[in-house]
1. Taking square-rooted eigenvalues a ≥ b ≥ c of the alpha carbon gyration tensor, is region 77-118 rounded, prolate or oblate, where a/c under 1.5 means rounded and, failing that, a/b exceeding b/c means prolate?
2. For Ser144, list long-range residues whose amide hydrogen, built 1.01 Å from N in the peptide plane, is under 5 Å from its own amide hydrogen.
3. Determine the equivalent ellipsoid of region 4-88 by diagonalising the alpha-carbon gyration tensor, then write out the semi-axes as square roots of 5 times the eigenvalues, largest first, rounded to whole Å.
4. How high is the relative contact order of region 4-88, in percent, counting Cα pairs under 8 Å that sit 6 or more residues apart?
5. Can you list residues whose amide H is under 5 Å from His162's amide H, if they're 5+ apart or on another chain and H is modeled 1.01 Å from N?
6. Can you list which of the trypsin sites (Lys or Arg not before Pro) found in region 12-98 are DSSP loop residues with at most 11 other C-beta atoms within 10 Å?
7. Calculate one ³J(HN,Hα) per residue across region 38-45 by plugging θ = phi - 60° into the Karplus curve 6.51 cos²θ - 1.76 cosθ + 1.60, and present them in order as whole Hz with x for glycine and proline.
8. Let me understand the chain better: what is its radius of gyration from the alpha carbons, and its Dmax, in angstrom?
Amino acid sequence: MDNYLRVGVITTTHGIKGEVKVYPTTDDPLRFKELKEVILDTGKEYLPLEIENVKYFKQTVILKFKGINDINDIEKYRGKDILVTRENAVKLEEGEYFIYDLIGSEVITEDGERLGKLEEVLATGANDVYVVKTEDQKEILIPSIKECILDVNTVEKIITVHLLDGLL
C-alpha cells in the first residue's frame, strides 16, 4: 500500500442509483472535485473507479462512480477505503508530511536518546499530537509544534524531538 494514500471511507449508500457517502480522511475534502479516478480497496483487490459526480452534504462527500448505477452494485463496499495514487495526492508544502509516511518512525530526542516509535497522529484543534509508544508500552504525547519537532526524516523514518518540561 506504499503507493496509495487513503482519502476517504465509504460509510453508506446514498439513494438507489449507486451513489455513496464517503467520510473524508483528507485535510481538504474539496479535493474530490479535482479527482478523476480513485482506487477502492475491496479487501481482496484494488479496484480503479472513475468519478462521475461529486456532491457535498454536511461532513460527507457523495460520490457517483461511472458504470455503477444501482445500490446493489455498491452496497457491499461499505466501510471500505477510497485511495489515491501518490501521483494524484495533493502536493505538500515544505514541512508538511503524509501521516502514513510518519507512522512507524523512530522517535529520538535531540540528545540521541531513543523514545520509541510513532504509533498514531491525533488531529486536535490547535495542532497535531504525535503518539509515541515506548518499549515498555507507555505512551508519550508530543505536540507537533516547531518547539518540539526538530527534524523529520521520512526516508530514514527518524523524527528528532525536543521534550518540553512536563511531557514525560
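FYI, it's all coordinate maths here, none of it is from the lab. The structure presented is a predicted model; accordingly, all values stated were derived computationally and were not measured. Glycine gets a Cβ as well: all are built from the backbone with ideal geometry, and neighbour counts include every protein chain shown.
1. Because a/c hits 1.5 or more and a/b fails to exceed b/c, region 77-118 counts as oblate.
2. Under 5 Å from the amide H of Ser144 lie the amide H atoms of Asp128, Val129, Tyr130, each far enough along the sequence or on another chain.
3. Working: eigenvalues 58, 44, 28 Å².
That gives 17, 15, 12 Å for the three semi-axes.
4. On the way: 181 pairs, mean separation 36.5, N = 85.
Value for region 4-88: 43 percent.
5. Residues meeting the amide H criterion: Ile149, Leu150.
6. Details: sites: Lys17, Lys21, Arg31, Lys33, Lys36, Lys44, Lys55, Lys58, Lys64, Lys66, Lys76, Arg78, Lys80, Arg86, Lys91; in loops: Lys17, Lys36, Lys44, Lys58, Lys66, Arg78, Lys80, Lys91.
Listed in order of number, the matching sites are Lys36, Lys44, Lys58, Lys91.
7. Values, residue by residue: 10, 10, 9, 8, 7, x, 10, 8 Hz.
8. 18.9, 59
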